[in-house]
């Protein structure tokens, strides 16, 4: 017997749903993102407590043990994960959510004979399994345990089509018979479909795929809410699915391509693929002291962060450098490309960790017109998001992608470890421009030396 009357249960679920909506609102801005996260976590905690006091739970000791084990595993991982591994963590958690929804649907299959409920069950199983295996591939690609290049085999598109048809046939048998055997077959087909969906995606597109799979997980959770008759799950899953879909569309637009082109472009040679090709063409390199002079006597400096900054853990050093330049009366801002890094908002999170003021972060549309009036652009660990090939090379895999137009500035300085290209696997002609200077070395080390040289001016 539940300890809460139905009216109180509905009221607490409503409060949780409001918290989720306010959390999404808070996450729309870096300034309020931390508060949004806390509100969302509070809503989730309230929802779990409500379940415990409003539902007759079987096997309560096992439930508590599962919660304790999950907390013991997840909390240390989340606290210790490095900033460069945050996208992998996001992908991992997203996959676990989809897999959990699929397993819940399997367990509910034997308790429901209603065809409409079974339709929701098979949908949850299929989408949840796709999200689980697809997210696993994104983690492996980001961790570089498998190639970041599109992975294809002859006849892959036909195999993918066959898997989809087989999955739909399995869904029909499950709805008609409720067979556990067909449910297992559907789960396997869903897992295979997730692999076939993500393996052909190139490394530079993985952040968009993470967002898409997040939407998949949200939809699966919403469908599981229909299966369980839980309105809050429907609301929460719908919010995640809708926000993930909107984010996916926004990121695809930032790449200048459609979602279908990103997901299936490898079949026609249009996906961004990783590469290790390096050029032997001469470039103009410099020393930290020379670059410090260039920065120290500028009036306006724009810093463009990229994944290389995260790899080097140089966010605190770049924040200190910006502060030192501002102390000399120099106008300093950070230009943020929507798909810089390995996940949505990666650079915003990275710089927030170093306490860079939100006012100093400028989105692409805002900062691009200002490059013409900029003395020096300091590109730290970025490549594809500033590559002019996106505008000038129709055959390039990033052609059509809006970029940060750093080439309009008077001087450009790249901090690079080597001449290795970005994930798109193409050379950046801006590196060979007469007004471009390269400072080779680890980004954190180079930034520390620059900071010392600027202070010594």
Round to the nearest 0.05 the FRET efficiency obtained for residue 144 and residue 372 when R0 = 60 Å and r is the Cβ-Cβ distance. 0.95
For the stretch 288-455, what does the relative contact order come out to in percent, with C-alpha contacts under 8 Å and a separation of six or more? 30
Students often check this: by mean Cβ neighbours within 10 Å, which of 435-442, 55-62 ranks highest, and how do the rest follow? 435-442, 55-62
How far is it, in nm, from the label point at residue 177 to the one at residue 433 when both lie 7 Å from their Cα along the line to the Cβ? 6.5
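For the stretch 1-80, report the % of Cα-Cα distances exceeding 18 Å.
Distances greater than 18 Å cover 57 percent of the Cα pairs.
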Ranked by Cβ crowding within 10 angstrom, fewest neighbours first, how are 284, 149 ordered? 284, 149
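Residue separation times 0.36 nm, minus the C-alpha to C-alpha distance between residue 365 and residue 316: what's the value? Mind dumping the intermediate values first?
On the way: separation 49, 0.36 × 49 = 17.64 nm, distance 2.57 nm.
Taking residue 365 through residue 316 to full extension adds about 15.1 nm, to one decimal.
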Expressed in nm to one decimal, what extension gain is obtained for the pair residue 299 and residue 456 from 0.36 nm per residue of sequence separation less their Cα-Cα distance? 54.7 nm
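Length gain on complete extension for the stretch residue 58 to residue 82, per 0.36 nm per residue less the alpha carbon to alpha carbon distance?
Working: separation 24, 0.36 × 24 = 8.64 nm, distance 3.87 nm.
Contour length minus Cα-Cα distance gives 4.8 nm.
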Would you calculate, for the chain, the mean residue ellipticity at 222 nm contributed by helices, counting each DSSP H stretch of 4 or more residues as -39,500 (n - 2.57) and dividing by all residues, to the nearest 500? -19500 deg cm²/dmol
Could you tell me what fraction of 2.2 N^0.38 Å the Cα radius of gyration of the stretch 358-438 comes to, as a two-decimal ratio? 1.06
Distribution of pairwise C-alpha distances over the stretch 323-457, 5 Å bins, in %: 2, 9, 18, 23, 24, 15, 6, 2, 1, 0
Quick one: compute a quarter of the convex hull surface over the Cα atoms of the stretch 153-240 and quote it in nm². 6.8
Label the stretch 1-151 by shape, choosing from rounded, prolate and oblate, from the square roots a ≥ b ≥ c of the eigenvalues of the Cα gyration tensor; if a/c is under 1.5 it is rounded, and otherwise prolate applies when a/b is larger than b/c, oblate when it is not. oblate
Counting alpha carbon pairs within less than 8 Å and at least 6 residues apart, what relative contact order, in whole percent, applies to the chain? 14
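For the stretch 95-274, what value does the Rg/Rh ratio take when both radii are computed over Cα atoms and Rh is the Kirkwood radius, given to two decimals?
Rounded to two decimals, Rg over Rh is 0.99.
For the chain, what proportion of DSSP beta bridges, expressed in % and rounded to the nearest 5, is antiparallel? Walk me through the intermediate numbers first.
Numbers: 0 of 23 bridges.
The answer is about 0 percent antiparallel.
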Ellipsoid semi-axes in whole angstrom, largest first, where each is sqrt(5λ) of the Cα gyration tensor of the stretch 98-193: 28, 16, 8
For the stretch 95-274 the mean separation of alpha carbon contacts under 8 Å (6+ apart) over residue count, i.e. relative contact order in percent, is 29
To the nearest 10 degrees, how steeply does helix 6-26 sit against the main Cα axis of the chain, on a 0 to 90 scale? 20
Specify which labelled value, from (1) 82, 53, 46; (2) 63, 57, 49; (3) 75, 52, 34, agrees with Cα extents along the principal axes in Å derived from the coordinates of the model shown. (3)
Specify the angular offset, from 0 to 90 degrees and rounded to the nearest 10, of the alpha carbon long axis of helix 180-198 from the longest principal axis of the alpha carbons in the chain. 10
Nearest 10 degrees, 0 to 90: helix 86-109 Cα axis against the chain principal axis: 10
Suppose R0 equals 51 Å; then what is the FRET efficiency for residue 68 and residue 442 from their Cβ-Cβ distance, rounded to the nearest 0.05? 0.80
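Laboratory data are not the source of any read-out in this text; all were calculated from the coordinates shown. Fair warning: this is a prediction, and the values are worked out from it, not measured in the lab. Note: ideal-geometry Cβ built from the backbone for every residue, glycine included; neighbour counts use all protein chains shown.
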